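These notes concern the structure reproduced below.
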Amino acid sequence: MEDYGWRAEFAKVRLRAADNTWNMVSNLLRSGDPDTDLIVLFAPQSVQLHGEYTHSVAGWSTLSPYLPSFSIDPLALTQWITAARTVESQQASVLWILQNLYSSNAQLLLARRTGTWLFTLTRDSEALAQLENSQRTILLTWLGLLAEEDAAPEPPAEVFPELKAIHAWWMIEQNQRLGKYDKNLFPAFFDHAALTKEPYDRQSWMTIFSLGLMRRIGRVTDAQNKGFLEFLSARGWWATICSASPEMDAEGWMEILRDYGDMQDDSPLFEQWMDLFPRIYRVARWLDVYIHVFSTVDLRGPGQVRSLLAPSADASLSGSGINAPTMRGMLRLGQHLIIRELLRSGVLGGPIATSLAYMPTDSLCGMLEGLGYERPNTSQDIHQLLVDELGEEAACFNGSYDIPLQLLATDAGLRARVLAL
């Protein structure tokens, strides 16, 4: 079935919930979705799709792909978990927490210690009966319920897998790992293919630029960054940000700040992400120019890369009339994520873009140093190291670029598993 605008139309539809009320499709959980299967077990019936819709398996399987994904409200999710009373709902809650331990949604739970069953848990609690002992330790430590002497011992000094072993592992597990990585990185509303649209799709470009901006925030996860964009979307703010240049709707942008400032909460939601608001404004204001700069990276020579983030000082744009504020303070690390995703979507494809598709994060550079290489400082350093060791084609990891390296650099358990292959 072709789209023909059905997705946009279905986004406006209300369907019946399990409690016989009517709700927007994006506010209803649907069984069979691996991303929300656990949430269904502890969410109220008012946000669960009525079972009558799935009675016709063939009809529902045709319709379902065109319905918008469930939009998670972090505050509501926190309330559902803390309100869980049955053993089944509590067991589903702790499994969800373990799977999303470092997401912004899970972090909200730590701010609500008073009167919640979570902070009365012990190793012998029925809610933890389905967990392995190591999982109980992780959860109870995260909740601050384990004495210091019960904590896991320090891991031994690590041995890193070789680059050729990493490449071999990725060729086997790429499909499985890449899908999970993308789900963790991108908000539910993001359409990767829309980056190639003409005229350009503002929402898709604003999404990858915003994810690039968030690379300047330290000690946060992809899931937290994704959660911030879904937080904006759930409140209708993302539609304002993406609809047009801020010049056309200055009042709408001010309304976002007023609404956020008026939120009553002891632990302000996404406060450090909201600190990016002026930079998000700048990207939205000059989006036409920034899209042109990034989508034409393939046309640059090696000596023209340094001025990529400073359009006003870019000699390659001299005389073009193209002018915009610098991005140097905003996208030092994030530029590489943006270029990588433009390569993956087919907007870019040349050697200059390829050499810029590897984020030189501390963890990745440290892993390469641990492998015995001179510590790289730039994306070009990482790319050249990979080319020298693996060859030009293999250095791209089958179009995934730095993704397998980023996954390994941030997951000691996965590194140990790859090392054992």
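Take the residues in the range 314-346 that are modelled with pLDDT of 95 or more and basic (K, R), then tell me which one is nearest to T378 (Cα to Cα).
R340
Yes or no: I338 touching a Lys or Arg at 6+ places or on another chain (Cβ under 8 Å), under 19 Å from L195 (Cβ atoms) and touching a residue at least 24 places away in the same chain (Cβ under 8 Å)? Talk me through it step by step, then tell me what you get.
Working: touching a Lys or Arg at 6+ places or on another chain (Cβ under 8 Å): no; under 19 Å from L195 (Cβ atoms): yes; touching a residue at least 24 places away in the same chain (Cβ under 8 Å): yes.
Against the criterion (touching a Lys or Arg at 6+ places or on another chain (Cβ under 8 Å), under 19 Å from L195 (Cβ atoms) and touching a residue at least 24 places away in the same chain (Cβ under 8 Å)), I338 does not qualify.
Being modelled with pLDDT under 70 and not charged (D, E, K, R) is the filter; apply it to the range 11-54 and report the residue that is nearest to the chain's Cα centre (by Cα). Lay out the reasoning, then the answer.
In the first step, residues of the range 11-54 are kept if they are modelled with pLDDT under 70; the result is 32-35.
Then drop every residue that is not not charged (D, E, K, R), which leaves 32, 34.
Values: G32: 22, P34: 17 Å.
For the range 11-54, the residue satisfying everything is P34.
Rundown of residues vs (1) more than 29 Å from D182 (Cα to Cα); (2) without any contact (Cβ under 8 Å) to a residue 60 or more places away in the chain; (3) of a type outside the set (K, R); (4) not assigned by TED's automatic domain parsing to the domain that holds K180, yes/no style:
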site	(1), (2), (3), (4)
I241	no, yes, yes, no
L257	yes, yes, yes, no
M263	yes, yes, yes, no
R279	no, no, no, no
D288	no, yes, yes, no
I291	no, no, yes, no
G301	yes, yes, yes, no
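Can you tell me which residue is surrounded by the fewest Cβ atoms within 10 Å (Cβ to Cβ) among those in the range 304-319 that are of a type in the set (S, T, N, Q) and under 21 Å from R282 (Cβ atoms)? Lay out the reasoning, then the answer.
We begin by selecting, within the range 304-319, every residue of a type in the set (S, T, N, Q); these are 304, 307, 312, 316, 318.
Filter again for under 21 Å from R282 (Cβ atoms), leaving 307, 312.
Numbers: S307: 18, S312: 12.
Filtering the range 304-319 for residues that are of a type in the set (S, T, N, Q) and under 21 Å from R282 (Cβ atoms), the one surrounded by the fewest Cβ atoms within 10 Å (Cβ to Cβ) comes out as S312.
Just give me the residues in the range 324-362 being under 20 Å from the mean Cα position of the chain (by Cα), in a helix (DSSP H, G or I) and surrounded by 15 or more Cβ atoms within 10 Å (Cβ to Cβ), in sequence order.
G334, Q335, H336, L337, I338, I339, R340, E341, L342, L343, R344, S345
On the given criteria, is T196 touching a Ser or Thr at 6+ places or on another chain (Cβ under 8 Å) and either at pLDDT below 90 or of a type in the set (V, I, T) (or both)? It would help to see each step written out before you state the result.
Working: touching a Ser or Thr at 6+ places or on another chain (Cβ under 8 Å): yes; either at pLDDT below 90 or of a type in the set (V, I, T) (or both): yes.
Judged against the criteria, T196 is a match.
Considering L211, L229, which residue is part of a helix (DSSP H, G or I), in contact (Cβ under 8 Å) with a residue 60 or more places away in the chain and surrounded by 22 or more Cβ atoms within 10 Å (Cβ to Cβ)? Steps first, please.
Working: L229 fails: in contact (Cβ under 8 Å) with a residue 60 or more places away in the chain.
Answer to the check: L211.
Taking the options T114, T86, name whichever one is out of contact with any strand residue (DSSP E or B) (no Cβ under 8 Å at 6 or more places or on another chain), modelled with pLDDT under 85, more than 21 Å from D222 (Cα to Cα) and not assigned by TED's automatic domain parsing to the domain that holds K180.
Numbers: T86 fails: modelled with pLDDT under 85.
Matching residue, one of T114, T86: T114.
Whether any residue in the range 347-370 is at pLDDT 95 or above, acidic (D, E) and in the same structural domain as A194 (by TED's automatic domain parsing) is what I want to check.
no
In the range 188-209, what count of residues is obtained for those that are more than 11 Å from the chain's Cα centre (by Cα) and within 19 Å of L356 (Cα to Cα)?
Kept after step one, since they are more than 11 Å from the chain's Cα centre (by Cα), are these residues of the range 188-209: 189, 191-206, 209.
Subsequent filtering for residues that are within 19 Å of L356 (Cα to Cα) retains 195, 205, 209.
Qualifying residue count for the region: 3.
The values are calculated or read from the model by the stated rules, or taken from the named source; none is laboratory data. As the structure is a prediction and not an experimental result, all values here were calculated from the model. Here Cβ is always computed from backbone atoms with ideal geometry, including for glycine, and neighbour counts include all displayed protein chains.
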